[in-house]
1. Read through the list (1) in contact with a strand residue (DSSP E or B) (Cβ under 9 Å, 6 or more places away or on another chain); (2) surrounded by fewer than 19 Cβ atoms within 10 Å (Cβ to Cβ); (3) in a helix (DSSP H, G or I), then give the number of the only condition that residue 122 fails.
2. Does residue 396 qualify as being surrounded by fewer than 19 Cβ atoms within 10 Å (Cβ to Cβ) and either at pLDDT 70 or above or not in a loop (DSSP other than H, G, I, E, B) (or both)?
3. Considering every residue within segment 265-277, establish whether at least one is under 21 Å from residue 400 (Cβ atoms), under 15 Å from the mean Cα position of the chain (by Cα) and assigned by TED's automatic domain parsing to the domain that holds residue 304.
4. Would you call residue 332 in the same structural domain as residue 75 (by TED's automatic domain parsing), surrounded by fewer than 22 Cβ atoms within 10 Å (Cβ to Cβ) and either in a strand (DSSP E or B) or over 19 Å from the mean Cα position of the chain (by Cα) (or both)?
5. Return the residue satisfying two criteria in turn: it lies in segment 194-224 and is modelled with pLDDT under 90 and out of contact with any helix residue (DSSP H, G or I) (no Cβ under 9 Å at 6 or more places or on another chain), and of such residues it is nearest to residue 270 (Cα to Cα).
6. Of (1) in a helix (DSSP H, G or I); (2) modelled with pLDDT under 95, residue 115 satisfies all except one. Which?
7. Suppose we filter segment 148-187 for residues that are modelled with pLDDT under 80, assigned to a loop (DSSP other than H, G, I, E, B) and over 18 Å from residue 380 (Cβ atoms); how many remain?
């Protein structure tokens, strides 16, 4: 029997860029840089890539999702004439068949999707990507596929460029995993943001306009724990120059799945903080309260403020990785759609690549997927414990990327010689 091939390949690139050396940023359409960490999930003990949002969040494990795999799966569904049927019908296929993300979920200018015989479809995809994104796109998985010319190729490429109007500060290194600090962990990771906001500092005033505090709450200490630390949950939006997409970071308690964590975070986004202090109004100081009732009242008012206040800090760890993963739940399954000429042919490869760069200048997300068928304290906005990174299309209210960051193996280490910044240096605005 002649074996033909069906390749499912997708790429996502969401790019937020800013100026490298000056507070006034300019958008530069440049190729995505090489990553600090390039690895396969086979080489990483605490990182998984999922083709859909319904994946379970596991303790101490990073979980990464981009819409790329879904976009390519949608092309496969169109080719076979409906929901994809596989031998044993894995749960991943059922979730992907729901088409939670479609072409209507994002802007047409942000992606390329095509399907057809491999040689023709690959040629069309490369031409469309070059026409739409120029030299900024490097679709690696598309070039790596070994598919016969008469095989079937499904391909999607998505790129979104967002940039901060002003580059954030590089701040002193951050520890990650507050629950283990008492064990004497000394690892430090590169971070960016605003360190101890000073209203008199012009640079701080400019940068603080790019930070929106959507939600904040103080978490009561947990009982019967010998080593517990004051905890705060918060959702912060970093405002970019791209009007149609939102970049959201949420330090929250995870739900059982990534989908539910995203859902509860978005619910907070639709009812954000609205309290704005006057220029001459001092922020509440619950630590100076005379009794518990007054402290609680002041803490609640402080939590409702929608912007940074005096001496508050925003510190976000730098993420810079390029990770390849195999979707093992789909590999080896045969197509069962009766109307498809590919019926009975097995999926022999199913993979996804995710490239993320998040630093003071912005974020870069690039994702590819491919499969083949032959045949009570001051507020603190330090992201030093597990958090959600979310890129959201504002008009459709659909995420196109979501990542639960829970383990430091994908963070960027800072040399031990790095020392804490002197906040008083920031008052010099010359």
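The values are calculated or read from the model by the stated rules, or taken from the named source; none is laboratory data. Quick caveat: nothing in here was measured; it's all calculated off a predicted structure. With ideal geometry, Cβ positions are generated from the backbone for all residues, glycine too; neighbour counts draw on all protein chains shown.
1. Going through (1) in contact with a strand residue (DSSP E or B) (Cβ under 9 Å, 6 or more places away or on another chain); (2) surrounded by fewer than 19 Cβ atoms within 10 Å (Cβ to Cβ); (3) in a helix (DSSP H, G or I) one by one, residue 122 breaks only (2).
2. yes
3. Yes; the residues of segment 265-277 include at least one that is under 21 Å from residue 400 (Cβ atoms), under 15 Å from the mean Cα position of the chain (by Cα) and assigned by TED's automatic domain parsing to the domain that holds residue 304.
4. Yes.
5. Checked segment 194-224; the qualifying residue nearest to residue 270 (Cα to Cα) is 219.
6. (1)
7. So the answer is 8.
Residues are listed down the side, and each one gets a yes or a no for (1) farther than 21 Å from residue 385 by Cβ; (2) part of a loop (DSSP other than H, G, I, E, B):
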residue: 200; (1), (2): yes, yes
residue: 204; (1), (2): yes, no
residue: 241; (1), (2): yes, yes
residue: 248; (1), (2): no, no
residue: 293; (1), (2): yes, no
